[in-house]
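Coordinate-derived values only; no laboratory data. All values reported here derive from a predicted model rather than from experimental measurement. Methodologically, a virtual Cβ is constructed for each residue, glycine included, from the backbone with ideal geometry; neighbour enumeration extends over all protein chains shown.
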Ligand code: LLP
């Protein structure tokens, strides 16, 4: 997180002191670095510059319009998973011919919206969905560009970190059924087969599963070719991990070497769907410690941000580093950083040696740019925090803090 650094014991984002931002916008707040986002995007662009590639940013990680348009201007497309995401992507000016649409439960209405927009490709996840898309497209008199999401069943024994066991997962068409499904699809009205899609998981820290699944994808595309089905796009999904703690993660360059060493045909397009690796380490969540509570067994720092603002620790037991905004002298203390929400599971940090912190201090929850604000809620009627984008020595509120009025908009008491 190069763009988040200390100067004289004070945390800066690029050239702006975090405290200066918080004085203006209050706490808690999400703060992103434009430089960090641009750099991560550029590392994908450079790694794949020699080949026909669409980088379809997985906007579920962070769908703020300013971030989408920033990426869109650099040439990014979008991986969307709902009509709402499609709406956002289009509002941000991302051209539809760089948008792919995944998800196991697309409604007819969402299909219609995406067909009207003229998106690059639907990543279809089941035979029933395929039939529905064929029906919707035929009714509209248009043709849907389709990839089937093939579940490659990368063996969890070999790669225990994909612990969900992909055979059991709800996503995609099992690899064993995929060929038959492609043949069936090739005869359906309103369907044009243009790609193969895969996405094997998120926060992957090893290259081996990418290699295995890509090998299976290439083999599968060869099998399709033998049956007379040529494919324009290999969509390899996202999933590249980031460093939250001390993980060593592969780079876009590592991924591109795996892929481009085996795709010789320059007309064979590649689609990537990175989310977390673009924005994850480009953002932080700043919270103020309101109270310190020491019990017989624990020390709690009670902050003004909770699970409604950042749910990853509560939901996945995820690790997020904690940095003070102003470094204090003194010994570390084993403590929890908890939020104000009425749930025992409302914590951001649990049982960790933390730097010395006093009531009133601001602290930064690191690596919060992906699946942070995007998964935030209004639980306990808590307005969601603002989002701030720093560029150089300037910062801009790209989404204001929600108000109480926002909480009840379009409701009425009766
Ligand atoms: N493509 C598809 C089809 C996906 O399902 C996902 C993520 C991505 C791309 C982007 O994956 P990424 O590059 O961000 O790893 N909320 C969880 C992560 C859920 C990921 C869901 N799918 C978290 O906070 O860790």
Checklist outcome for this item: Inter-part gap, Cα centre of segment 310-329 to Cα centre of segment 165-240, in whole angstrom, is 37
Checklist entry - So if we plug the beta-carbon distance of residue 184 and residue 23 into 1/(1 + (r/R0)^6) with R0 = 56 Å, what FRET efficiency do we get, rounded to 0.05? => result 0.35
Checklist outcome for this item: Mean separation of Cα contacts under 8 Å (at least 6 apart) over the residue count of the chain, i.e. the relative contact order in percent, is 20
Item to check | Relative contact order of segment 345-414, defined on C-alpha pairs under 8 angstrom at six or more residues apart (%) | outcome: 20
Checklist entry - Between the helical axis of 127-140 and the dominant principal axis of the chain, each derived from Cα atoms, what acute angle in degrees is found, rounded to the nearest 10? => result 80
Checklist entry - Once both axes come from the Cα atoms, what is the angle between helix 34-47 and the longest principal axis of the chain, in degrees from 0 to 90, rounded to 10? => result 30
Next on the checklist: What's the ranking of 80-88, 135-143 by average number of surrounding C-beta atoms within 10 Å, highest first?
Outcome noted: 80-88, 135-143
Item to check | Residue of 387, 296, 181 that the Gaussian network model of the chain assigns the largest fluctuation, springs spanning Cα pairs under 10 Å | outcome: 296
Checklist entry - GNM on the chain, C-alpha springs below 10 Å: top fluctuator among 260, 65, 348? => result 260
Checklist outcome for this item: Dividing the helical contributions, -39500 (n - 2.57) per DSSP H run of n ≥ 4, by the residues of the chain yields a 222 nm value, nearest 500 deg cm²/dmol, of -8000 deg cm²/dmol
Item to check | Relative contact order %, segment 64-154, counting alpha carbon pairs below 8 Å whose residues are six or more apart | outcome: 23
Checklist outcome for this item: Rounded to the nearest Å, the spacing of the alpha-carbon centers of segment 336-414 and segment 1-22 is 19
Checklist entry - By how many degrees, between 0 and 90 and to the nearest 10, does the Cα long axis of helix 108-117 differ from the longest principal axis of the chain? => result 80
Checklist entry - Radius of gyration and Dmax for the chain's Cα atoms, expressed in Å? => result 22.7, 71
Next on the checklist: Let me make sure I get this right: for segment 34-276, a, b and c are the square roots of the gyration tensor eigenvalues over alpha carbons, sorted descending. Under 1.5 in a/c it's rounded, otherwise prolate if a/b > b/c, else oblate. Which is it?
Outcome noted: oblate
